[in-house]
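Contents: one structure, followed by commentary.
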Amino acid sequence: MSRPRVELGLRENLAQFSLLVAVNALVGAMVGLERSTLPLIGRDNFGLTSSVAVLSFICAFGLAKSFTNLGAGALAQRIGRRRLLIGGWAMALPVPLLIGLAPSWGWIVAANVFLGANQGLAWSMTVVMKIDLVGPARRGLALGLNESAGYGGVALAAALSGWLAADFVARDVLVVGGAAIAVAALLVSLLFVRDTGSHVALEQTRHDPDQEEDQPRLRDAFTDATYRRPALRSCSQAGLVNNLNDALAWGIVPLFLAAHGASTGEIGLVAGLYPAVWGLAQIWTGHWSDSVGRKPLIVAGMLAQAAALAVLSASGGAVGVAALSAVALGAGTALVYPTLIAAVSDAVTPVARSPIVGVYRFWRDMGYVAGGLIAGLAADAIDFSAAIGLVAALTAVSGLWVAIDLHGTLGRPRRAPRIRPEAAP
C-alpha cells in the first residue's frame, strides 16, 4: 500500500490546516475563561489585597508555559508534533478540577501551572504544524490564521465568562467551561490530527537538496535566539514585552476598572474587545507581512500598543475610554504577534525552525512573569494608573529597539519558489 502524497501549501492541506485552526481556537478559549474573572475571584473569594499576590497565578502560568515552549521546540522532531499536542491537552484536564476544589489561592496557582503547560504544548504544536503544512510562500498568512483563531477563542471565552459570571458563580463558570473544552479538544486531537514530520522533511530537501542538516542543539538554538543573532534577539525581546503588556491587560486592567466602579459585565466587555480585535485583525496583518515585510509591522504595532496603554493610564477608569484603548491595543498586537513568529521562521532553515521558535516562545511567554511582577509591584507601590503607564513606556522602548536591531533579509522577505508535490520518502 503506497503512502499518501506529501504536498506543501495551504490549499493542498486545507482539511488538516482547518482542523488545526479549530483546535487552536479551543486552546485560546481554555485560557480566555480566566481573563475577566480570575483576578476578581482572587480579590473577592480569597481575600487577596496585594496585586502581586493576585497576579501570582499569571507568573505561574508564564513560567510553566515558557519552559514547556522550550522543551516542546526541542522535542518536536524527536517525539512528534501530534504526540506533544495530545500531551498538552492531557495537561489541561486537571485545571478545572483544581479550580473547582480549591480551598486556597495556592490551588489556583497550581491550576495555572497545568494551564501553562497545556498552552505551551498545544499552542506551540498548532503553530509549528501549520508552518510545516503551508511551506515558506504563505507563512505570514498561515500564522495570521493560527493566531486569529487562538485569540478569537480567548476573546469569546473572556466575554462569555464575564457575562455568565454576572448571573452565576464565577468559579462554576470556569470549571464547567474548562472541562468541556479540555475533553473536546483531547478527543479531536486523538482521533483526527495527523503528524507533519514528513512535510518538514520535504521542505528541508527543497531548501538545500545537496546537504542533510541535523536539528541544532538546544544550547545553540537558545544562544542564537537570545543574543547572538540580532534579528532573532530583537524578535525575542519584542515578544517578551508584548506579553508583558498582555499580562497587564489580563491581571491589572480588571482590577483597575473595578476600582473605578465598573461592573463585572463591563469588565468582561473590555477584556473581550482587546483579544477580539487582536484575533480578527491577524488574518490580514499576517498576510500583509508576506508582501510588505516584517519589520514595519512590528515597529508600528509596538508603538501602537504603547500609545493605547498611555491613553488607558490617563483614562481614570472610564469604561468608554478603556474600551477604545482595548481596541487600539488589540490592533497594535495584531500587527506584532503573527509577524514576529514569521520573522523568526524566515531567519532559520526548516529543520532548525522548531527549536528556534521554541526559544522565541520561551522568551515571549516569560513576559507574563515579568508583567505580573512589574505591574503588580508598581500597582502596590503607587497605583494602577502608574503600573499601566510604566508598561506603556517599556513597550515604546521595545518598538524602538526593533527599529534599530532588526535588519537584513527580514526587512522584506523574498517569495519562495513554488514547491511541486511529490511522494514522501
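The values are calculated or read from the model by the stated rules, or taken from the named source; none is laboratory data. A quick note: this is a predicted structure, and the numbers were derived from the prediction, not measured. All Cβ positions, even for glycine, are placed from backbone atoms using ideal geometry, and neighbour counts span all protein chains on display. With ligands, DNA and RNA removed, areas are computed over all heavy atoms of the protein, side chains included. Shrake-Rupley method; radii C 1.70, N 1.55, O 1.52, S 1.80 Å.
Among the candidates GLY62, GLY71, GLY9, single out the residue that is touching a Gly at 6+ places or on another chain (Cβ under 7 Å) and surrounded by fewer than 24 Cβ atoms within 10 Å (Cβ to Cβ).
Values: GLY62 fails: surrounded by fewer than 24 Cβ atoms within 10 Å (Cβ to Cβ); GLY71 fails: touching a Gly at 6+ places or on another chain (Cβ under 7 Å).
Of GLY62, GLY71, GLY9, the one residue that is touching a Gly at 6+ places or on another chain (Cβ under 7 Å) and surrounded by fewer than 24 Cβ atoms within 10 Å (Cβ to Cβ) is GLY9.
Criterion first (open to solvent by 30 Å² or more (accessible area, probe 1.4 Å), touching a Leu at 6+ places or on another chain (Cβ under 9 Å) and in contact (Cβ under 8 Å) with a residue 60 or more places away in the chain) does VAL21 satisfy it?
Details: open to solvent by 30 Å² or more (accessible area, probe 1.4 Å): yes; touching a Leu at 6+ places or on another chain (Cβ under 9 Å): yes; in contact (Cβ under 8 Å) with a residue 60 or more places away in the chain: yes.
Against the criterion (open to solvent by 30 Å² or more (accessible area, probe 1.4 Å), touching a Leu at 6+ places or on another chain (Cβ under 9 Å) and in contact (Cβ under 8 Å) with a residue 60 or more places away in the chain), VAL21 qualifies.
Within region 152-173, count every residue that is within 21 Å of ILE108 (Cβ to Cβ) and in contact with a Pro (Cβ under 7 Å, 6 or more places away or on another chain).
The total comes to 2.
Quick check: anything in region 154-165 under 21 Å from the mean Cα position of the chain (by Cα), of a type in the set (Ser, Thr, Tyr) and assigned to a helix (DSSP H, G or I)?
yes
Of these, ALA159, ALA165, ALA155, which one is farther than 19 Å from LEU26 by Cβ, out of contact with any Cys (no Cβ under 8 Å at 6 or more places or on another chain) and modelled with pLDDT under 85?
ALA165
Condition check ((1) at pLDDT 90 or above; (2) under 30 Å from GLY261 (Cβ atoms); (3) in contact with a Pro (Cβ under 8 Å, 6 or more places away or on another chain)) across all residues:
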| residue | (1), (2), (3) |
| --- | --- |
| VAL319 | yes, yes, no |
| LEU324 | yes, yes, no |
| ALA331 | yes, yes, no |
| LEU340 | yes, no, no |
| ASP346 | no, no, yes |
| SER354 | no, no, no |
| ASP365 | no, no, no |
| TYR368 | no, yes, no |
| GLY372 | no, yes, no |
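For region 28-40, check the following and say yes or no: at least one residue is among the charged types (D, E, K, R), crowded, with 18+ Cβ neighbours inside 10 Å and touching a Lys or Arg at 6+ places or on another chain (Cβ under 9 Å). So that I can check it myself, show each step before the final result.
We begin by selecting, within region 28-40, every residue among the charged types (D, E, K, R); these are 34-35.
Now drop any that are not crowded, with 18+ Cβ neighbours inside 10 Å, which leaves 34-35.
Among the residues that remain, those that are also touching a Lys or Arg at 6+ places or on another chain (Cβ under 9 Å) are: none.
For region 28-40, residues among the charged types (D, E, K, R), crowded, with 18+ Cβ neighbours inside 10 Å and touching a Lys or Arg at 6+ places or on another chain (Cβ under 9 Å): absent.
Here's a check for you: in region 230-244, which residue that is within 16 Å of ALA342 (Cβ to Cβ) and of a type outside the set (A, V, I, L, M) is farthest from the chain's Cα centre (by Cα)? Before you say what the answer is, go through the steps one by one.
Here is the first cut: in region 230-244, the residues within 16 Å of ALA342 (Cβ to Cβ) are 231-232, 234-236, 238-239, 242.
When the remaining residues are screened for being of a type outside the set (A, V, I, L, M), the result is 234-236, 239, 242.
On the way: SER234: 18, CYS235: 14, SER236: 13, GLY239: 9, ASN242: 10 Å.
Residue satisfying both the conditions and the ranking: SER234.
Yes or no: ILE86 part of a helix (DSSP H, G or I) and open to solvent by less than 10 Å² (accessible area, probe 1.4 Å)?
Values: part of a helix (DSSP H, G or I): yes; open to solvent by less than 10 Å² (accessible area, probe 1.4 Å): no.
It is false that ILE86 is part of a helix (DSSP H, G or I) and open to solvent by less than 10 Å² (accessible area, probe 1.4 Å).
Looking at region 89-104, which of the residues that are open to solvent by less than 30 Å² (accessible area, probe 1.4 Å) and at pLDDT below 95 is nearest to TRP123 (Cα to Cα)? Explain how you work it out, then say what you get.
Taking region 89-104 first, the residues open to solvent by less than 30 Å² (accessible area, probe 1.4 Å) are 89, 92, 95-96, 99, 102.
Filter again for at pLDDT below 95, leaving 96, 99, 102.
Details: PRO96: 19, ILE99: 22, ALA102: 26 Å.
For region 89-104, the residue satisfying everything is PRO96.
Scan (1) under 20 Å from the mean Cα position of the chain (by Cα); (2) modelled with pLDDT of 90 or more for the single condition LEU312 breaks and write down its number.
(1)
Mind listing whichever residues of region 106-147 are open to solvent by less than 10 Å² (accessible area, probe 1.4 Å) and either of a type in the set (Ser, Thr, Tyr) or not in a helix (DSSP H, G or I) (or both)?
SER124, THR126, GLY135
Check GLY261, GLY286, GLY265, GLY279 and return the single one that is surrounded by fewer than 19 Cβ atoms within 10 Å (Cβ to Cβ), in contact (Cβ under 8 Å) with a residue 40 or more places away in the chain and over 25 Å from ILE382 (Cα atoms). Even if it seems obvious, please write down each step before you answer.
Details: GLY261 fails: over 25 Å from ILE382 (Cα atoms); GLY286 fails: surrounded by fewer than 19 Cβ atoms within 10 Å (Cβ to Cβ); GLY279 fails: surrounded by fewer than 19 Cβ atoms within 10 Å (Cβ to Cβ).
Being surrounded by fewer than 19 Cβ atoms within 10 Å (Cβ to Cβ), in contact (Cβ under 8 Å) with a residue 40 or more places away in the chain and over 25 Å from ILE382 (Cα atoms) holds for just one of GLY261, GLY286, GLY265, GLY279, which is GLY265.
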